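Written out below as structure tokens is the structure these notes cover.
Just so you know, all these numbers are worked out from the coordinates, no wet-lab data involved. All of these numbers come straight from a predicted model, not from anything done at the bench. Cβ: placed from backbone, ideal geometry, glycine included. Neighbour counts: every protein chain shown.
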Amino acid sequence: MGLKIIIAEDEDITRKHLLHALKKEGYLAVGAKDGREALELIQQERFDVLITDVRMPEMSGIELLEEVKKGYPAMEVMIVTGFGSIDAAVEAMKKGAYEYITKPFNLDELILKVKNIHERKILKNQNLFLRTFLGMHKGVSVIARSQGMQKIMNSVEGMKDSDCNVFITGETGVGKSLLAKIIHFTSRRQNMPFLSVHCTALSEEALASELFGHEEGAFPGAETTRQGLIEIADSGTLFIDDITEISPRIQAQFLKVMEEGEIFRAGGKIPIRVNVRFIAATHRNMREQIAHGTFREDLYHRLNIMDILVPPLRERKEDIEPLCTYFLQKHLSESTKEISGFTQEAMDILTDYSFPGNVRELENIIERAIILEQGTHVTPQSLPVSIKKFRIDTFSPEGIKTIDELTKDYTTRVLEMVDGDKRKAAGLLGISEITLWRILKG
């Protein structure tokens, strides 16, 4: 059911009965013997609902409620009070509790209250998804001016009634994650979860736990059962960015999930059925990855039911001006400045630039310009020196440089843009780190 519940109850028998009843209904439930232990668990992992007794040693239910609402406002809280302690329930409701129940309580009544909380959270998520989609759709319809992006949007429109897996390729920063969201929020699954994971940011062990989850005691440090993203995304979409970075072991596990529609948590013996749409993305050449044996061909074909190549920004110059306007409006909402547009000279500089960092780099440039600009229009003075210098070096008839000189200058500026990260710079430039080293040395 996707709802994760923590129970803070100092009476062992009551706590065990509650855990049994909630697990029987399909909820993932964890118990704590007092408020202090519950707070420690909440600080370690995500929970959707807290059910807490009012009177407990170490920390009372009211104190626990206050801490939860302070640090985890999205978590719903149900207070359990003794007979005749309505005043405590009223106090709890004033402090943010969503529901209360009095002892001795009927388990069916408690389960019904939990179901009501669950339905309320689903409704809130649906409203959030709808608002996100409407804002996104409005923006995308304006900024996809080039033929390449229009073709992609037509493909997205064509698959809106399909649950097929999608494989998105394109250079770093072209907007693959945004496209994944558009595909989800225009599909039949738009009211269900959209989750994402970036494979480069996690070790093999951490990624396996993130994707598949684990049972309590599965390995040292696994003190509680944890759902993985595939399980949480049930009925929705999971976006897997930089999928070519996952290890052969995880590739094999992932392929099995796609073939059989079920997962095993680490340490688990019972299969868990899942219905998830997968959208994968990479900036790497998949033919090379498969040829070198670093990515499974059978997994690629499972994911690549529909393939989309997002062109780099330098190949869709028509999108630069509307993107500038879009990002200006987006980031002005976080500023007190009144900037109505761009001077022609500033826009010419932006449209002449090749954007090795693609859309992501453009957004960063516009956000920076808003911070620096003092007038009512973005001027060349608010743009980075590097892109203005690149334009002068490349297009001015005076002081013409050789191709090698331009290549070295350009490579140096890309390296500066990524704070000296040679691997990232080589990826943006589409060359190996050895080639990067040779260019800089020359």
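For the range 144-311, compute Rg over Rh where Rg is the Cα radius of gyration and Rh is the Kirkwood radius from the inverse mean 1/r over Cα pairs.
Working: Rg = 16.2 Å, Rh = 16.5 Å.
Radius of gyration over Kirkwood radius for the range 144-311 works out to 0.98.
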For the range 316-441, convex hull volume per residue from C-alpha positions, Å³: 114 Å³
In sequence order, calculated HN-Hα J values of the range 99-109 (Karplus, 6.51, -1.76, 1.60; Hz; x Gly/Pro): 8, 9, 8, 9, 7, x, 10, 8, 4, 5, 5
HN-Hα J in Hz across the range 185-202 - Karplus 6.51, -1.76, 1.60, θ = phi - 60°, x for Gly and Pro: 7, 10, 9, 5, 9, 4, 8, 10, x, 10, 10, 9, 9, 9, 5, 6, 7, 10
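Determine, for R55, R189, the number of other Cβ atoms within 10 Å of each Cβ, and report the residues in order from fewest to most.
Lowest to highest Cβ neighbour count: R55, R189.
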Within a Gaussian network of the chain (alpha carbon springs, distance under 10 Å), most fluctuating of K121, K94, K69: K94
Amide proton proximity set for T224, modelled H, under 5 Å, gap of 5+: G217
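In whole angstrom, how long is each semi-axis of the equivalent ellipsoid of the range 4-122, when you take the square root of 5 times every eigenvalue of its Cα gyration tensor and sort them from largest down? Show your work: numbers first, answer last.
Values: eigenvalues 60, 55, 45 Å².
Equivalent ellipsoid of the range 4-122: 17, 17, 15 Å, largest first.
For an R0 of 56 angstrom, estimate the FRET efficiency from the Cβ-Cβ distance between R188 and W437 and round to the nearest 0.05. Present the calculation step by step, with values, prior to reporting the outcome.
Numbers: r = 49 Å, r/R0 = 0.88.
With R0 = 56 Å, the Cβ-Cβ based efficiency is 0.70.
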For S196, residues with placed amide H under 5 Å, excluding near neighbours: F239
Karplus 3J(HN,Hα) series, Hz, for the range 421-429 with 6.51 cos²θ - 1.76 cosθ + 1.60 (x for Gly, Pro): 7, 5, 5, 5, 4, 4, x, 5, 7
Ranked H292, H377, criterion: other C-beta atoms within 10 Å, fewest first: H292, H377
Along principal axes, Cα extents of the chain, largest first, whole Å: 89, 54, 43
Value of [θ]222 nm, deg cm²/dmol, for the chain, DSSP H segments ≥ 4, -39500 (n - 2.57) each, nearest 500: -15500 deg cm²/dmol
